[in-house]
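Before any comments, here is the structure.
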Amino acid sequence: MHRSTAVVSFLTAALALACATSPTGRQRLVFFPDAQMNQMGVTAFTQLKSQMTVSNDPQAIAYVKCVASAVVAEIDTPGAPRSWEVVVFDEPSANAFALPGGKIGVHTGMLEVARNQDQLATVIGHEVAHVLAGHSNERASTELATKGAMGALDALTGPASPTKDLTFAVLGVGAQVGVLLPFSRAQESEADVLGLDLMARAGFDPREGPVLWENMARQGAQPPEILSTHPSSATRIANLRQRAEVALPLFREAHKSGRVPDCS
Ligand SMILES: [Zn+2]
């Protein structure tokens, strides 16, 4: 078969198999099994814990865990991790991330920028939303597809084997690369929307979402997440203000139902 014909027919087959709709209706390519993504997330998290200093500040840990547990309690996505490991890293950068497999990391520097529990819930909701929406899978799948390595699909999506490990290694889709690829702007906007709804359902005030991003812009802080591509902060703040109005009834409903987090 002519090479381009082979590529087209393969891509057609792969798309039929793997083209899925994101939670906000985007068409995207996702073909790694969840178990594979979760394993990559768990491995990457272990590596990050060995590379960075894990905080032993009991107050900071209790505060972050209080906010995170309230947020993840509202997750109703089928197949989502049942339990989430929350680790505070003693790092000055205003960073935070969540990984497939139920892992959340927050740098102590983020606690300077996220000045109250609602702002921290905005960050955690956003990061967890990336995981719930399968954004790592989407990026890893797109990365692999653009590398022209789709022929490796069978080997990659089958059961674990030395061949599969080798294929991953050859493609450079190692644990960290696989789950820590930069997110796209479309994914960032999606995580903002889903994350704000999630934190509001947990009883955090969504009007603090845009305030967080104003703090971030004022400090000239790096956006959260290692390797992230973020929409410009002015656009993001405007969009978050609009979304906060949509999420406000969820927040009020949560308070009526007794979900009133007190993590300060
Ligand atoms: Zn993000």
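Since every read-out is calculated from the coordinates, none of them should be taken as a lab result. On a predicted model such as this, the values are computed, not experimentally measured, just so you know. In this analysis, Cβ positions are derived from the backbone assuming ideal geometry, glycine residues included, and neighbour counts consider all displayed protein chains.
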Proximal charge balance of Ser257 [Cβ under 14 Å; K/R count +1, D/E count -1]: +2
Approximate spin-label separation Gln47-Lys256, in nm, with each point projected 7 Å along Cα-to-Cβ: 4.8
Protection proxy ranking, peptides 128-138, 207-217, 70-80, average beta carbon neighbours within 10 Å, highest first: 128-138, 207-217, 70-80
For segment 33-121: rounded, prolate or oblate by the Cα gyration tensor [a/c cutoff 1.5]: oblate
